[in-house]
Amino acid sequence: MYDLVIIGGGPAGTTAGIYAARKKIKAAIITKDFLGQAGTAAFVENWPGTKRTSGVELMASFRDHLDDYEIDIIEGKPISSLSKKEDYFLITTSDDKKIESRSVIVASGKNPRPLMVPGEDKFSGKGIVYCATCDAPLFSGKKIAVIGGGNSGAETALEMAEKYSPKVYLIESSDKLAADEFLQERLSKDDKIEIIKNARLKEIKGGKFVESLSYEQEGLSKEIAVEGVFVEIGSIPAVEFLKGIVEFNDLGEVKIDHNSCQTSVEGLFAAGDVTDIRVKQIITSSGEGAKAALSAYSYIQSLKKDKDVEN
């Protein structure tokens, strides 16, 4: 029986693990990896104390810090179910391993939002990319399209133009980009990047691999030749195992008390992008992870105090 199990190894989960371990409680982290969404960022320039780094490098430093502490790590095993028993939680992993814990922090983050257009299923892994950091080198010397004009899309476009691709199309469905102004300034100065706004993606085409994509712009159908499509249109909460257990908002995010990270279930906390906090940033996820761990520690201490009173 653990005092605390943390689900997720991104910024929120790893920070929660560090704080839990420092409190000397019996804790474990269950995660498919120690990357999270942060680990897929081409570059990070707003983490205080580090002017510029990649998402992979930043998360490697998180993991290295975590390894200084005593905490059980169960890696590569997604959660298949979670249930609340009388005075503990039962967690089941994808390989049917059963884990019991007095409290839980869910920091499972989000998964990439699919394009939902013809050709996506056929070319997933054959030219369609959901993790630029993972696959960017495979597209060296090739024309590519980035779908999505937010910060992630802008960063991916800049990274690809700087290191790999001779031509990058940045495709946005609205009439303006949502990326930060300084990123937009950098985009406008890069001759390799062409921004296409008011473009509704219609289809991804090819033979064995991606060869082109078609879109509609101002009522006209257009097509461009590309060998890669990088999807950067946001993400959806990874919360399938929580359905029917906690309360969600209209976006499918876990509703929490913003002071304690407590969900609608006592002893079950949540932190980071999986929750209904307004700002989704690496630094806020880390802060929420610390908050959740400290709240869980207080909850565990109250359980032990109540047990001592009974005895």
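Between the helical axis of 11-22 and the longest alpha-carbon principal axis of the chain there is an angle of about 30 degrees. For Val129, nonlocal amide neighbours, meaning residues 5 or more places apart or on other chains whose placed amide H falls under 5 Å from its own, are Val229, Phe230, Val231. Each principal axis of the Cα atoms in region 165-311 has its own extent, and those three values, largest first, are 74, 33, 28 angstrom.
Across region 120-231, counting alpha-carbon atoms alone, Rg and Dmax equal 12.9, 38 Å. A helix-only calculation puts the chain at -8000 deg cm²/dmol for mean residue ellipticity at 222 nm, using -39500 (n - 2.57) for each DSSP H run of at least four residues, averaged over all residues.
Looking at the chain alone, DSSP beta bridges between its own residues are antiparallel in about 50 percent of cases. Normalised by the number of residues in region 158-258, the average gap of Cα pairs under 8 Å and 6 or more apart makes the relative contact order 17 percent. To the nearest 10 degrees, how steeply does helix 282-310 sit against the main Cα axis of the chain, on a 0 to 90 scale? Helix 282-310 sits at roughly 20 degrees to that axis.
What number, in percent, do you get for the relative contact order of the chain if the mean sequence gap of Cα pairs under 8 Å and at least 6 apart is divided by its residue count? Worked out over the chain, it gives 21 percent. Annotation: the antiparallel percentage among DSSP beta bridges lying fully within region 120-231 is about 45. Here's how it looks for Leu170: its modeled amide H is under 5 Å from those of Val146, Glu194, Ile195, Ile196, which are all 5 or more places away or on a different chain. Mind checking the angle between helix 55-66 and the chain's longest principal axis? C-alpha axes, 0 to 90 degrees, to the nearest 10. It works out to around 10 degrees. Residues considered: Val44, Val265, Val168. Largest GNM mean-square fluctuation over the chain, using C-alpha springs under 10 Å, is found at Val265.
Taking Ile171, Ile71, Ile224 in turn, the Gaussian network model of the chain (Cα-Cα springs below 10 Å) assigns the largest fluctuation to Ile224. Bridgeable lysines around Lys197 (alpha carbons under 25 Å apart, same-chain partners fewer than 8 residues away excluded): Lys142, Lys143, Lys163, Lys167, Lys176, Lys189, Lys205, Lys222, Lys280. For the chain, the Kirkwood estimate of the hydrodynamic radius, built from every pair of different alpha carbons, is 20.7 Å. Give the distance, in whole Å, between the Cα centre of region 42-77 and the Cα centre of region 256-284. Value for the Cα centre distance between the two parts: 20 Å. Summarising the overall dimensions of region 72-172 from its C-alpha atoms, the Rg and Dmax are 19.5, 60 angstrom.
So which trypsin sites (Lys or Arg not before Pro) in region 14-54 are both in a DSSP loop and have at most 14 other Cβ atoms within 10 Å of their Cβ? Those that pass, being in a loop and sparsely packed, are Lys24, Lys51, Arg52. Each of Asp121 and Glu266 was given a label point 7 Å from its Cα along the Cα-to-Cβ line. The distance between the two points is 4.6 nm. Within the chain, the longest run free of exposed loop sites, counting GluC sites (Glu not before Pro) that sit outside DSSP helix and strand states (H, G, I, E, B) and have at most 14 other Cβ atoms within 10 Å, spans 87-217. Of the beta bridges in region 27-113, as assigned by DSSP with both residues counted there, near 75 percent are antiparallel.
No lab work stands behind these numbers, since they all come straight from the coordinates. What you see is a predicted model, and the numbers here were worked out from it, not measured in a lab. Note that each Cβ is placed from the backbone with ideal geometry, even for glycine, and that neighbours are counted across all protein chains shown.
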